[in-house]
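Student: Have a look at this one before I ask anything.
The values are calculated or read from the model by the stated rules, or taken from the named source; none is laboratory data. Bear in mind that the values here come from a model prediction, so they are computed numbers and not experimental data. Here the Cβ positions follow ideal geometry from the backbone for every residue, glycine too, while neighbour counts run over all protein chains shown. To get the accessible areas, we keep the full protein, side chains included, count just its heavy atoms, and leave off ligands, DNA and RNA. Shrake-Rupley method; radii C 1.70, N 1.55, O 1.52, S 1.80 Å.
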Amino acid sequence: MNDDAAILLIEDSDTQALQLRRMFERAGFRIDRTRDAETALETLNHSRPDLLVVDYRLPGMNGDELVRIVRQTGATRTLPILMLTGDDASDVERQGLDSGANAYVPKRGGAELILSRVRALLRQVRARPLGDGPAAALRQARLLLLAPQDTASDQLVSDLAAEGYHVGHVAGIADTLKAIDEEAADGILVVEQPGDPSFGLSAKLDARRTARASGVALVALTDDAEPATVLAGLAAGADDVVSRGRDGDMLLVRIRAIVRRKLARDEEAAGIAREQAQAIALAQARAEADAAERLAQANAELAGANALLRETQAQLVQSAKMASLGELVAGIAHEINNPLAFILAHQATVERAVAGAANADDDARGALLTKAADRLQSIRSGLTRIQELVVKLRRFSRLDDGEVSRIDIPDAIDAVLTLLAPRLGSVEVVRTYGPARMLECSGALVNQVVMNIVANAADAVDPVAGRIAITTGAADGMFCIQVDDNGPGVPEDRRERVFEPFFTTKDVGSGTGLGLAIAYGVVRSHGGTIAIERAVQGGASFIIRIPERP
Ligand code: ADP
């Protein structure tokens, strides 16, 4: 899978570079080559290979100096680096590894060893823990030694502890597998069982870390450093194969190189996780700010629409009031016109009678004066009717001042009925007023609510056989006004709709559909209810209930 990985080779010798290029290409890798460290740094500025293969000896800047710079740069800090050298001296290897290279191969080690090393390094990249690895690399690295309990192991444990590692020592593979599962170690050092050239323990541990996508480093400790042994260890899955027979110091250098890489990768993963978390937090914050802004905008629009609606509603209520005012004026004119007409007629009769009486004989004068007195009586009753009408009108006008006051409900209903007289025609109106008369309310309750409901009833019933019953009373803290008629009634499925503004079944021009909507609003503003039922005599029954104490 990594065999198409890109390798940057830094090698000054053309012959060796050609050999290495052929070898890598045959193995399926993509190769880019620079002759010196300076050009390599340039190349790394704009391209990111999967692995560096660096010759230790270079003209100008040496290999270990290049590695040190690469390691100090954030973007390339975890780039795997394999160092090649013609020298076999331990101090060269030590310098290479200490500078930050991950592995070291003498060129004479042969193609197979180099390729094995390269594959082992690329394999470690693949096993990088994603996001949820240990958070910080600035901590004591944890090593686990899987080895028999013997003096050599004890010595290694104390050497590693002296290096600053937190070291655990186990003798069984079960505990080691558990440590991989629990991410309890950064590196595992495994001493293979004697007489197992196939590196069975390393293979098992590698399989488990692959299954768990664990980034733990795996170093096989062997008794010899023969190329065949190293190859077998790398093939089994170890990241490095180190001989315990070599001087203890060198062993520590190799372990340090492997573990450092694991910690650097952890840190990188933690950095990526932090960046992702920050990006998510930022996105969330932006989304919240956006949502809040949109909400505020929607609220503002809603408030605007609401204000417009209120204004329109107020205008509609006003025009509905004007419409009923027109009807009222017609009613008043009619009510005054009747008595006025016969007052005027009688007044003319009286005038004539009085004028005639002056010249008449006694008998005739007596008859004329009796007639005049009789007509004056009629004039008086007509004037009384007009006077009563004016009293009712004044009462009605007082009702309309919008103020809440104590109102005598039966009196107010009587005034409304007088004004509705022309609309009622010969419809019979039966009033049954209970003893409770006074109610704390606004005038609109009677002159809008009762008036609209009675006017509707008058429209609904038969003009000749029509009958409207108005009942008032109080019970359980509620004042009740009930208006029943013997019209067709309001079908049950329409009883809610009739309160909607503009709902009307009347002909165009005769109904606004606002009467009951206004009535509903007024009753609600008193904390009361308005219900429609079927009246006893078969028509509609409107029941208004208002709390006696608001
Ligand atoms: P409008 O009287 O202008 O139609 P309303 O809101 O006062 O508007 O009434 C709405 C509708 O309710 C009327 O058109 C009518 O269909 C119905 N309605 C109201 N009162 C009665 C009633 N007493 N009997 C039958 N239907 C009624």
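Student: What FRET efficiency comes out for Ala174 versus Asn299 if R0 is 56 angstrom and r is the Cβ-Cβ distance? Round to the nearest 0.05.
Tutor: Details: r = 63 Å, r/R0 = 1.13.
After rounding, the FRET efficiency stands at 0.30.
Student: Through the Karplus equation 6.51 cos²θ - 1.76 cosθ + 1.60, θ set to phi - 60°, convert the phi angles of the range 278-288 into ³J(HN,Hα) values in whole Hz; use x for Gly and Pro.
Tutor: Per-residue couplings from phi come out as 5, 4, 5, 4, 5, 4, 5, 4, 4, 4, 5 Hz.
Student: Taking amide H positions as placed 1.01 Å from N in the peptide plane, with prolines and chain starts having none, which residues 5 or more places from Leu9, or on another chain, fall under 5 Å of its amide H?
Tutor: Here the answer is Asp32, Arg33, Thr34, Val53, since their amide H atoms fall under 5 Å of that of Leu9.
Student: Could you compute the net charge surrounding Asn486? Neighbours are other residues with a C-beta less than 15 Å from the C-beta of Asn486; K and R count +1, D and E count -1.
Tutor: Numbers: positive: Arg467, Arg534; negative: Glu428, Asp459, Asp462, Asp484, Asp485, Glu533.
My count for the surroundings of Asn486 gives -4.
Student: Set the Förster distance to 30 Å, then compute FRET efficiency between Thr504 and Ala436 from the Cβ-Cβ distance, nearest 0.05.
Tutor: Approximately 0.30, to the nearest 0.05.
Student: Can you tell me which of 110-120, 449-459, 342-352 comes out highest on packing, and rank the rest after it, using the mean Cβ neighbours within 10 Å?
Tutor: Working: 110-120: 19.7, 449-459: 22.9, 342-352: 15.0.
By packing density, highest mean first, the sequence is 449-459, 110-120, 342-352.
Student: If you don't mind, another one. Please report the carbon-and-sulfur percent of the accessible area for the chain; probe 1.4 Å, protein heavy atoms only, DNA, RNA and ligands left out.
Tutor: Numbers: 14990 of 28140 Å².
Answer for the chain is 53 percent, counting heavy atoms of protein chains only.
Student: Based on DSSP H runs of at least 4 residues, each adding -39500 (n - 2.57), what is the mean residue ellipticity at 222 nm of the chain after dividing by all its residues, to the nearest 500 deg cm²/dmol?
Tutor: Details: 14 runs with 289 residues, N = 550.
After summing the helix terms and dividing by residue count, I get -18000 deg cm²/dmol.
Student: Another one. If I take every Cα pair under 8 Å that is 6 or more residues apart in the range 159-230, average their sequence separation and divide by the length, what percent do I get for the relative contact order? Could you put the intermediate results ahead of the total?
Tutor: Details: 61 pairs, mean separation 23.4, N = 72.
Across the range 159-230, relative contact order equals 33 percent.
Student: In Å², what does the accessible area per residue of the chain work out to with a 1.4 Å probe?
Tutor: 51
Student: For the pair Gln149/Ala161, report the inter-label distance in nm, with labels modelled 7 Å from Cα in the Cβ direction.
Tutor: 1.5
Student: Reachable lysines from Lys506, Cα under 25 Å, same-chain residues fewer than 8 places away excluded?
Tutor: Lys321
Student: Taking the alpha-carbon distance from Lys262 and a cut-off under 25 Å, which lysines remain once sequence neighbours fewer than 8 residues away in the same chain are dropped?
Tutor: Candidates past the 8-residue exclusion: Lys178, Lys204.
Student: Mind listing the long-range amide H neighbours of Arg431? Cut-off is under 5 Å, sequence gap 5 or more, other chains count too, H placed in the peptide plane at 1.01 Å from N.
Tutor: HN-HN under 5 Å from Arg431: Ile470.
Student: Continuing with the same structure: The range 465-550: which trypsin sites (Lys or Arg not before Pro) are DSSP loop and have at most 13 other beta-carbon atoms within 10 angstrom? Walk me through the numbers before you get to the answer.
Tutor: Numbers: sites: Arg467, Arg494, Arg495, Arg497, Lys506, Arg524, Arg534, Arg545; in loops: Arg495, Lys506.
The qualifying sites are Lys506.
Student: Can you order the peptides 212-224, 40-52 by their average number of other Cβ atoms within 10 Å per residue, highest first? Please list the in-between numbers first.
Tutor: On the way: 212-224: 21.3, 40-52: 16.5.
Packing proxy ranking, top to bottom: 212-224, 40-52.
Student: So between Glu388 and Glu428, what do we pick up on full extension, going 0.36 nm a residue minus the alpha carbon distance? Before the final figure, lay out the partial values.
Tutor: On the way: separation 40, 0.36 × 40 = 14.40 nm, distance 2.09 nm.
Between Glu388 and Glu428, full extension yields an extra 12.3 nm.
Student: Please give the contour-minus-distance gain from Arg22 to Ala475: 0.36 nm per residue of separation, less the Cα-Cα distance, rounded to one decimal in nm.
Tutor: Numbers: separation 453, 0.36 × 453 = 163.08 nm, distance 10.75 nm.
Here the answer is 152.3 nm.
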